[in-house]
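Report on the following structure.
The values are calculated or read from the model by the stated rules, or taken from the named source; none is laboratory data. Here the structure is a predicted model, which means the values were calculated and not measured. Because the Cβ atoms are built from the backbone with ideal geometry, glycine has one as well, and the counts that use them run over all protein chains shown. Heavy atoms of the whole protein, side chains included, go into the accessibility calculation; ligands, DNA and RNA do not. Shrake-Rupley method; radii C 1.70, N 1.55, O 1.52, S 1.80 Å.
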Amino acid sequence: MATLRDLCFCVLVLSLPLFSLSIPLSHSSPSSTFKVALIHRDSPYSPIHDPSASPSDIFRLSAQRSLSRHRHLRSVLTGKSSLSKLESEVVAGPSEYLIRVGIGTPAEPYWLIADTVSDLTWTQCLPCSNCFEQKAPIFDPKSSSTYRSLDCSSTLCQALKSDNKCGGSSCLYDYGYADDSRSRGILSTETFTFETAKSTLSSLQPSIGSNPSSSPTTSTRTDPTKTSTSATFSTDGGTGTEINGLGFGCGSSNRGFGANGEAGLVGLGGGPLSLISQLGSSISNKFSYCLPSRLDKNATGVLNFGENADISGPNVSSTPIIYLEESPAFYFLNLTDISVGEKRLGIPPGTFVPFPSGTYGFVIDSGTSLTILPTDVLQSLLDEFKDITKYPTIPNPPGPFVTCYKVPDSSKITGFPDITFHFSGNADWKVGASNVFYPLHEDLLCLSIVSQIEDADSYDGLYVFGNWLQQNTVVEYDLGKKILSFAPADCSRL
């Protein structure tokens, strides 16, 4: 049995062509619901937590990962990539939040990235002709009684469209990106066990000091057929939810990942092969998350599915999710304006309306810490800050930050205005100063908003609403209604 430190987590960003995929799900009630613990990679609950890292190092590396991830997202959408000197110490496409999942029967535990701009759930598999190093043993399909490869006539294989081909009777997938990362293997189905938040935390808390072995508790259920395209699941309130027949990529040749022992991810994007799309109406086509403040080191977030994801009340705002045929895994939003305090910037209408090609637009992402805006919009925001705050900026702020303020005590963030992001549908997302700044040092606050990275040879306008601004907010994704809703919350208490 693997110890906690042997467990692995994964990161990959996939984007698939739009395909209308309807997967009937057998269940005992009109809507099933479950939730799992959402662990930040720098949390003491995380298997890769570095207790020797200073808060300054943690925040700086988190910001740098944002630039690396942004570059990777651009390569997914446009085929363009650029590697700056600053980004070179961080692997392409890193993400921030993990969940613990059991794969196979009997279940083997893995740490997987919960990624809202990825589609296919993916992990490395044996036999592996070209696999990167990972901390936990690579998943062996032969050791599981519920593993099945999919044939080329299966609905999930057809959803791959031009990205699939047949190897004998098996459906093969092959994804490559401009940053030279790649995964290829067999599209398959397997049993995935999602632990309850209580089960995960009860087993992880002692491991902060002692690293005991732990594993999700699962039970064997009806095996999916080889060509099954439907998933079934059952829930045990004490241990977790077992999903049988979940489509995933079993990768036998992979590169461009693995700097921290990565092995795969759980895709929460809007594409046809994502976990959300496969479960469909059985979870009411919706999920939500709540990210606690990163300044609360022991707090954990929560990822909800089905009825647990519903949010309601007078403080809830909603805005349409814009789906693009070329980029169905990405959640585009229409940002109409930004206010600093009570002053609107007056951003020209249509500035953030996405292009059909997906090469331009504003994406909400749980895996990017920084928020990325056009240079002129950011400059307008900074100009308003000059008129409101009394604190001086420092020359040559540490990268990737563009503005940092010298303050008496960075643990007490006062004297700065709120920022409100105005989305279509009269949805106003107000962000307090504690979510606007990184406390980089005891006397230094750095703005968590930066400008678009520009290349010497090319430019695209992919802008991102990052997770630092999303802290202590419940965010609900309703894929059925194509609506994103949000409301302020104390995520450490959910």
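Is there a residue being at pLDDT 85 or above, buried (at least 16 other Cβ atoms within 10 Å of the Cβ) and over 28 Å from Ser32 (Cα atoms) anywhere in region 148-162?
yes
Kindly evaluate Glu108 against the criterion of being modelled with pLDDT of 80 or more and under 25 Å from Ser293 (Cβ atoms).
no
Which is open to solvent by 50 Å² or more (accessible area, probe 1.4 Å) and within 14 Å of Val450 (Cβ to Cβ), of Thr375, Thr393?
It is Thr375.
Taking region 404-423, which residues are touching a Leu at 6+ places or on another chain (Cβ under 9 Å), hydroxyl-bearing (Ser, Thr, Tyr) and surrounded by 14 or more Cβ atoms within 10 Å (Cβ to Cβ)?
Passing the criteria: Tyr405, Ser410.
What is the one condition in (1) modelled with pLDDT of 95 or more; (2) assigned to a loop (DSSP other than H, G, I, E, B) that Thr319 does not satisfy?
(2) is the only condition that Thr319 fails.
Could you go through region 254-274 and let me know if any residue there is more than 30 Å from Val436 (Cα to Cα), part of a strand (DSSP E or B), within 21 Å of the chain's Cα centre (by Cα) and not basic (Lys, Arg).
For region 254-274, residues more than 30 Å from Val436 (Cα to Cα), part of a strand (DSSP E or B), within 21 Å of the chain's Cα centre (by Cα) and not basic (Lys, Arg): present.
Just to be sure before I move on: is Thr235 at pLDDT below 60 and either in a loop (DSSP other than H, G, I, E, B) or not assigned by the TED database to the domain that holds Ser145 (or both) in the structure I sent?
The answer is no for Thr235.
Would you confirm, using the coordinates I've provided, whether Asp457 is at pLDDT below 90, over 23 Å from Ala309 (Cβ atoms), outside any loop (DSSP other than H, G, I, E, B) and open to solvent by 30 Å² or more (accessible area, probe 1.4 Å)?
The answer is no for Asp457.
Filter region 116-127 for residues that are of a type outside the set (Gly, Ala, Ser) and either on the phi > 0 side of the Ramachandran plot or crowded, with 18+ Cβ neighbours inside 10 Å (or both) and give the result. Even if it seems obvious, please write down each step before you answer.
Keep residues of region 116-127 that are of a type outside the set (Gly, Ala, Ser), which gives 116-117, 119-127.
Selection gives Thr116, Val117, Asp119, Leu120, Thr121, Trp122, Thr123, Gln124, Cys125.
Determine which member of the set Gly341, Gly367 is open to solvent by 10 Å² or more (accessible area, probe 1.4 Å) and of a type in the set (Gly, Ala, Ser).
After applying the criteria, what remains is Gly341.
Could you check region 340-423 for strands (runs of 3 or more DSSP E) lying wholly inside it with 1 or more residues that are of a type in the set (D, E, K, R)?
Hits in region 340-423: 404-406.
Restricting the search to region 436-452, which residues are outside any strand (DSSP E or B) and open to solvent by 20 Å² or more (accessible area, probe 1.4 Å)?
Glu442, Asp443
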